[in-house]
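Here's the structure, in structure tokens; my notes come after.
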Amino acid sequence: MKVLVTGGLGFIGSHTVVELQNEGFEVVIIDNLSNSSEDVLKGITNITGKTPLFEKLDLREKASVQDFFKKHSDVTGVIHFAASKAVGESVENPLLYYENNISTLVYLLQELQQKPEASFIFSSSCTVYGQAEKMPITEDAPVQAAMSPYGNTKQIGEEIITDTTKVTNINAILLRYFNPVGAHSSNQIGELPLGVPQNLVPFITQTGVGLRKELSVFGDDYPTPDGTAVRDYIHVVDLAKAHVIALQRLFNKKNLQKVETFNLGTGTGSSVLEVINSFEKVSDKKLPYIIKPRREGDITEAYANTDKANNVLGWKAELSLDEAMASAWKWEQKVRS
Ligand code: UD1
């Protein structure tokens, strides 16, 4: 079965393409290379022995999206990763985010609604929960007012999909990721952030190789055991596997509703200092860091209740934080060598 993966050369997208091909799916990737490289195709080929189809295309161009679906008329399953994800940039340039993350979604759904049947997997985020009142976070925790246009695009995206499934033959699964980290065990693909990383783990590994002088730990006065903020760091390979399971669920008509929502996390919260400790353990290096004030917009803690993903989706994270940090570190050293 042919599956479209938008943003398939990006961090989570590329790992998902690998898992799809390992499960025998034929994959066609759409990517505009705005935050990725065509070299990623080689990594995917080295791992799986198969090169996915690739269309360099910008989903903001509606006519190109229409042409794509004419050419690949056998695509009925879509995993939609392509989106911008820098919180700060979205505050500076909200319309870029609404165009990149919302217009593109609408164009894709407009094509899919013409099919007798279609399956759609959406990259959502735990950011929709804001600072949830109760930990661990269940899927029925209230969605809170978004703190940035980026976060808002995830909420609006979920609503657009939900409204659309009500009146079309599209079935959808919304996957709310916690914090994806790590790299493929083959060391052929991993995260490739442009410029100075905003996220914790790539900043740590870049500091480890000497590209950054020191890590700033944003806040040590949170009401957490060690004072630093707590997140649920999920290995990208575990995350990728969840997408394949979600798609199979829709293809096999195992879904109980037209739209289902699942948290994808490990269920364990780790503080910034615990992540640093894990890095130091697996790399056998001391990480230089300083404590800085809290980062604006950051929440205290977020980790997933994974019962629904475990029991309904039939997926469970298997890899540990140490394994994720070790793979991220191995990848960083390769990229910089
Ligand atoms: C961020 C985004 C979130 C997005 C996710 C994945 C924000 C507010 N949230 O999540 O919407 O879905 O990335 O792209 O940006 N930290 C440091 N020093 C650093 C970097 C981070 O101490 O140099 C801390 C942060 O304060 C936070 C934790 O590390 O407590 C994780 O940060 P990060 O990796 O940026 O992820 P989130 O902020 O959780």
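General observations
- Looking at the range 1-77, the helices (runs of 4 or more DSSP H) lying wholly inside it that each contain 3 or more residues that are within 17 Å of Gly190 (Cα to Cα) and in contact (Cβ under 8 Å) with a residue 40 or more places away in the chain sit at 11-22, 40-48.
Listed here are the residues, each with its yes/no results for (1) part of a strand (DSSP E or B); (2) within 15 Å of the ligand (Cβ to nearest atom); (3) crowded, with 17+ Cβ neighbours inside 10 Å.
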{"site": "Ile173", "(1), (2), (3)": "yes, no, yes"}
{"site": "Pro197", "(1), (2), (3)": "no, yes, yes"}
{"site": "Gln206", "(1), (2), (3)": "no, yes, yes"}
{"site": "Lys241", "(1), (2), (3)": "no, no, yes"}
{"site": "Leu247", "(1), (2), (3)": "no, no, yes"}
{"site": "Lys253", "(1), (2), (3)": "no, no, no"}
{"site": "Ser278", "(1), (2), (3)": "no, yes, yes"}
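- Residue satisfying condition, being among the small types (Gly, Ala, Ser), part of a loop (DSSP other than H, G, I, E, B), open to solvent by less than 20 Å² (accessible area, probe 1.4 Å) and closer than 21 Å to Thr16 by Cα, within set Ala183, Ala132: Ala183
- Of all residues in the range 217-239, those being away from the ligand (no atom under 11 Å from the Cβ) and more than 23 Å from Leu20 (Cβ to Cβ) number 5.
- Condition met for Asp74 (touching a strand residue (DSSP E or B) at 6+ places or on another chain (Cβ under 6 Å) and surrounded by fewer than 21 Cβ atoms within 10 Å (Cβ to Cβ)): yes
- Complete set of residues in the range 287-337 that are of a type in the set (S, T, N, Q), out of contact with any Phe, Trp or Tyr (no Cβ under 6 Å at 6 or more places or on another chain) and either open to solvent by 50 Å² or more (accessible area, probe 1.4 Å) or part of a loop (DSSP other than H, G, I, E, B) (or both): Asn305, Thr306, Asn311, Ser320, Gln333, Ser337
- Yes/no for Asn187 being on the phi > 0 side of the Ramachandran plot and touching a residue at least 60 places away in the same chain (Cβ under 8 Å): yes
- Looking only at residues of the range 11-41 that are in contact with a strand residue (DSSP E or B) (Cβ under 8 Å, 6 or more places away or on another chain) and not hydrophobic (A, V, I, L, M, F, W, C), we find that the one that is surrounded by the most Cβ atoms within 10 Å (Cβ to Cβ) is Thr16.
- Test: residue in the range 47-54 that is closer than 11 Å to Thr6 by Cα and at pLDDT 95 or above: yes
The values are calculated or read from the model by the stated rules, or taken from the named source; none is laboratory data. Computed from a prediction, not measured in an experiment: that's the story for all the values here. Please note: Cβ atoms are built from the backbone with ideal geometry, for glycine as well, and neighbour counts cover all protein chains shown. All accessible areas refer to the heavy atoms of the entire protein, side chains included, with ligands and DNA or RNA removed. Shrake-Rupley method; radii C 1.70, N 1.55, O 1.52, S 1.80 Å.
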